[in-house]
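Okay, structure first, notes after.
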């Protein structure tokens with residue numbers, strides 16, 4: 001029986017019949033955090049080869065304890081490690097073509113063929129066995145010799161297009177964020193002296209040295225790489241953002257002093273708004289990528305959709321009345337930022353936060369107020385009117401809901417809520433709306449449905465009967481932060 005058992009976070013023990021257990025002490029690394037992927041693979045290889053592998057593996061680790069002979073033993077073992085792994089993988093008769101979908105190939109696609117996926121999986125398997133040395137606190141080789149051994153394992157892909165394609169994937173995915181976070185990258189370049197090209201190289205090296213080894217033979221390695229790239233860039237931008245940026249699309253320092261507000265609180269509000277805006281953009285990118293997957297226009301890619309979105313967003317001139325009456329009050333209650341701070345937002349950022357609020361509403365109210373919440377994806381193309389003479393048409397529904405709640409901020413009144421709702425609904429009744437995500441203009445507002453949704457939502461909200469839903473929104477937002 002061959003087994004690799006975990007002792008603690010960084011220590012594992014190799015156990016097999018007829019030999020004393022050998023302890024492996026790992027170096028702190030990404031590989032160490034998911035070392036169970038490595039150990040499970042090695043156990044499967046041992047189960048396939050039987051004693052031939054288990055005896056060799058134990059003796060290999062034991063002999064490598066001798067520092068003088070370790071370099072030669074490791075270099076000489078490279079062909080044998082590759083042979084052990086290849087025979088095991090070949091025996092599984094893995095269909096690597098299942099990771100390849102030629103129907104999705106576009107003009108500028110980075111396409112990995114089945115035999116290229118196979119070579120990546122095999123290299124990952126060699127590196128798993130080798131990681132018992134390379135990631136071993138006591139047995140790892142010097143940098144120069146390590147590079148020599150790594151290149152011997154990677155010889156099958158070094159002279160092919162595979163390495164270049166992996167690099168191109170990193171570059172393409174990273175530069176996508178240059179389109180959507182252009183000013184953030186400019187800030188990083190000017191203040192921290194680090195341009196986007198440097199970050200591309202760092203992510204590429206990280207994948208080749210720490211992520212490649214963690215690929216699993218039953219999963220698409222390219223999908224795994226793309227996920228790592230996305231998370232790496234997001235983490236990098238967010239960490240710099242949190243540590244260095246204060247949101248300034250709000251009240252100026254002079255205004256703060258003039259209206260006698262506590263500066264520390266105001267800067268805290270601004271920082272929260274800045275982070276909230278960043279989260280909203282991330283959520284919108286996810287929605288755009290899903291829409292792109294479902295669209296019949298296969299020639300467009302993620303970058304084009306995101307670029308078009310930013311062109312629309314940057315051109316927004318007017319704040320939707322629904323932001324002032326629905327989005328800002330809700331976000332003010334959820335974030336504890338005063339409503340007055342939201343009123344200072346630019347039209348672009350108000351629209352972005354409106355979409356994010358809609359995503360929260362969809363989760364908390366999955367079946368209710370759909371017509372009302374759908375308008376949160378839209379922005380006005382003309383300046384909305386400030387006043388209105390609109391009168392609610394569904395007066396019987398209004399009376400019914402008021403009778404049901406019998407509460408408006410603690411008062412049993414009907415005239416003032418009626419006036420307020422007439423103003424809210426009237427301001428959006430004649431607005432020309434355009435979808436910020438798709439650019440499509442709204443043909444006409446389904447006012448009868450919107451009116452009913454607004455009557456019921458605001459009646460319940462002002463009477464305090466949506467407190468549990470607001471708490472759920474707070475929980476969802478905290479998770480996003």
Task: Pair list, Cβ < 7 Å and 6+ apart or interchain, from segment 51-76 residues that are more than 17 Å from residue 24 (Cβ to Cβ) and not assigned by TED's automatic domain parsing to the domain that holds residue 41 to residues that are modelled with pLDDT of 90 or more and part of a loop (DSSP other than H, G, I, E, B) - done: none
Open item on the list: Tell me the residue from 437, 460, 476 that is touching a residue at least 12 places away in the same chain (Cβ under 8 Å) and not in a helix (DSSP H, G or I), please.
Closed with: 437
Task: Among the residues listed as 138, 115, 146, the single one being within 20 Å of residue 12 (Cβ to Cβ) and surrounded by fewer than 19 Cβ atoms within 10 Å (Cβ to Cβ) - done: 138
TODO: Name, by its number, the condition in (1) assigned to a helix (DSSP H, G or I); (2) without any contact (Cβ under 8 Å) to a residue 60 or more places away in the chain that does not hold for residue 444.
DONE: (1)
- [ ] Quick one: which helices (runs of 4 or more DSSP H) lie wholly within segment 1-96 and hold at least 2 residues that are surrounded by fewer than 16 Cβ atoms within 10 Å (Cβ to Cβ) and either in contact with a helix residue (DSSP H, G or I) (Cβ under 9 Å, 6 or more places away or on another chain) or modelled with pLDDT of 90 or more (or both)?
- [x] 35-49, 51-63, 70-91
- [ ] Name every residue in segment 436-458 that is touching a strand residue (DSSP E or B) at 6+ places or on another chain (Cβ under 8 Å) and either buried (at least 16 other Cβ atoms within 10 Å of the Cβ) or more than 25 Å from residue 287 (Cα to Cα) (or both), in order of residue number.
- [x] 436, 442, 445
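The values are calculated or read from the model by the stated rules, or taken from the named source; none is laboratory data. Source: prediction; values computed, not measured. Heads up, the Cβs are rebuilt from the backbone with ideal geometry, glycines too, and the neighbour counts pull from every protein chain shown.
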